[in-house]
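First comes the structure, then the notes that go with it.
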Amino acid sequence: MDHATRVDALLAELTRGEGFLGAALVSRDGLCVRSAGRTELSRETFSAMSATVMGAAEIALRELDGGATRSIVASTEKVLIVVVGATREMLLVASARTDAALPAVIARVEEAAKGVGKVLAGG
């Protein structure tokens, strides 16, 4: 199975989780590489803004304690997004309903990001 197919399978599995709406593998430059789930949004805009938010959060958090950013969460009344680094060059961005259990959502996204990272590293 090639890398793209394996990443697609990981994204699809993530979006089948309770409360998840979609997921995307996004370059830190803001390009959508692969995605699953919601199709009605502008993938280009969503990807670019997700990468921008992560970059800004990393800079702000570095100012506070110098540690590596694990994840960021942004939410509205209906939906939330979680952004996690999958590799040095790629981010995993997932959206979910706000009624989903946030700790479980973050844990699932982090787990999926590790899987994507392994696939992209050739594992």
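Alpha carbon centre of segment 50-90 versus segment 1-20: separation in Å? Between the Cα centres of segment 50-90 and segment 1-20 lies a distance of 21 Å. Rounded to the nearest 500, what is the 222 nm mean residue ellipticity of the chain from helices alone, with -39500 (n - 2.57) per DSSP H run of 4+ residues and division by all residues? Rounded to the nearest 500, the figure is -15000 deg cm²/dmol. Which one, L64, L31, L92, has the greatest fluctuation when you compute a Gaussian network model over the chain with C-alpha springs under 10 angstrom? Highest fluctuation of the listed residues: L64. Amide H contacts for L31 (H built 1.01 Å from N in the peptide plane; partners 5 or more residues away or on another chain; cut-off under 5 Å): none found.
Taking A112, A96, A56 in turn, the Gaussian network model of the chain (Cα-Cα springs below 10 Å) assigns the largest fluctuation to A56. Of G22, A60, F46, which is farthest along the charge dipole of the chain in the positive direction, counting Lys and Arg as +1 and Asp and Glu as -1 at C-beta? Among G22, A60, F46, the one farthest towards the positive end of the dipole of the chain is G22. Rounded to the nearest 20, the size of the Cβ-charge dipole of segment 3-120 about its Cα centre is 280 debye, with Lys and Arg at +1 and Asp and Glu at -1.
Taking P(r) over Cα pairs in 10 Å bins from 0, in percent as the quantity of interest, determine which of (1) 12, 44, 35, 9, 0; (2) 14, 48, 32, 5, 0; (3) 12, 32, 20, 11, 9, 8, 6, 2 was computed from the displayed structure. Label of the calculated value: (2).
Bear in mind that the values in this text are calculations on the coordinates, not laboratory data. These figures come from a predicted structure and were not determined experimentally. As a convention, Cβ positions derive from the backbone with ideal geometry for all residues, glycine included, and neighbour counts pool all protein chains shown.
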